[in-house]
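The values are calculated or read from the model by the stated rules, or taken from the named source; none is laboratory data. Computed from a prediction, not measured in an experiment: that's the story for all the values here. In this analysis, Cβ positions are derived from the backbone assuming ideal geometry, glycine residues included, and neighbour counts consider all displayed protein chains. Keep in mind that these areas ignore ligands, DNA and RNA; they rest on the heavy atoms of the full protein, side chains included. Shrake-Rupley method; radii C 1.70, N 1.55, O 1.52, S 1.80 Å.
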Amino acid sequence: MRIEVWAPDGVPEVTAGDDLAALVLAALGDGADLADGDVVSVTSKVVSKAEGRTRTGDRDGAIDEESVRLVARRGATRIVRHRLGLTMAAAGVDASNVALGSIVLLPLDPDASARALRRGIHERAGVNVGVVVTDTAGRAWREGQTDIAVGAAGLVVAEDFAGRTDPHGNPLAVTLPAVADELAGAAELVLGKLSGRPFAVVRGRADLVLPPGKDGPGATALVRPEGGDLFGWGAREAVVRALAGAVADRMPFGAPADRGELDAALAALPDPTDRTAVAAVCFAYGWQVDGWDEGPSGSRTDGVCRVSPVTT
């Protein structure tokens, strides 16, 4: 297998109302440089610029507007859950590669933007391509950032290998390469951050490109639902939220753990009679304290805590 990735130079500054399909085709020889099965990568920033998602004003206020909730904060850095479901720093609000004093927000619907671009390229150049709209994101457990797909059209966004076997006969249980993100990362290698190249073409994975008229699930399919992420809260924030015990804060902790996990967590408490600590652990594990029964001596130390899993 061979993959080629390239990005054209000479793309003019994109402004509100610009026709992205026309700009892409002009940069690629009026479409002559494209072939069926190619994947066109376009940065979310130029999509946002074309769609009028640039503004002047307060960056912190824009982050607030774009955020559903705060996930974690370390000094000035805010990790938030974006209105699109993405968990990212500063809600994707960016002040780079834009006029001084301006900021750029993510597109309102990156999947719809990708579908429109794919359709425009097909109608004008007659080629069937996949499209990814990319943005830069950090990663848990790793330093640095990489580009991911925040929008996609006409593309298989993840390859499901579950149920297959490897060459040695081992079953693959949970193997789901996020190929749309991998394509976005490959494209970023030729786009760069300061080169003025907002478009790239990835060739060699035509097997991932869907037939004309079929856009696929989009990059939305790669977003974990609220409560499905192991890191729904930051480490510090999780402690505070569990102690506070607000019903609205339950969802990011996920579905109730099984009783064995809860018992193991409670057993790790230095003082199992500390009712505040017990309630916080139960909250974090998706259980609730229904009451305390006093022990034979009438004291807390030999009492019994009654708990049950939270139901919605």
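Things to note:
- Dipole of segment 1-118, positive end: most advanced residue of Ile79, Leu105, Ala26 [Cβ charges, Cα centre]: Ile79
- Solvent-free Debye scattering, log10 I(q)/I(0), computed from the Cα coordinates of segment 207-312 at q = 0.14, 0.16, 0.21 Å⁻¹: -0.63, -0.75, -1.12
- Trypsin sites (Lys or Arg not before Pro) within segment 123-175, DSSP loop, no more than 16 other Cβ atoms inside 10 Å: Arg164
- Whole-percent carbon and sulfur share, accessible surface of segment 42-93, 1.4 Å: 50 percent
- Per-peptide average of other Cβ atoms within 10 Å, ordering 88-94, 25-31, 131-137, 243-249 highest first: 131-137, 88-94, 25-31, 243-249
- A simple packing score, the average count of other Cβ atoms within 10 Å per residue, orders the peptides 106-112, 11-17, 206-212, 176-182 as 106-112, 176-182, 206-212, 11-17, with the highest score first.
- Here the Gaussian network model covers the chain, with springs between Cα atoms less than 10 Å apart; of Pro217, Pro272, Pro171, Pro171 fluctuates the most.
- Formal net charge of residues neighbouring Lys49 (Cβ-Cβ distance under 9 Å; K, R +1; D, E -1): -1
- For the chain, the residue among Val201, Gly216, Gly17 whose Cα projects farthest onto the positive side of the dipole built from Cβ charges is Gly17.
- Among Val150, Val127, Val278, residue whose mean-square fluctuation peaks in a GNM of the chain (springs only between Cα atoms under 10 Å): Val278
- Long-range Cα-Cα pairs in the chain (distance over 30 Å), rounded percent: 46 percent
- Positive dipole terminus of the chain, leading residue within Phe161, Ala173, Gly138 (C-beta point charges): Gly138
- The residues of the chain have, on average, 53 Å² of accessible surface per residue, using a 1.4 Å probe with all protein chains present.
- Cα-based convex hull, segment 130-171, per residue volume (Å³, whole number): 128 Å³
- Protein-only accessible surface at a 1.4 angstrom probe places the residues His122, His82 in the order His122, His82, largest first.
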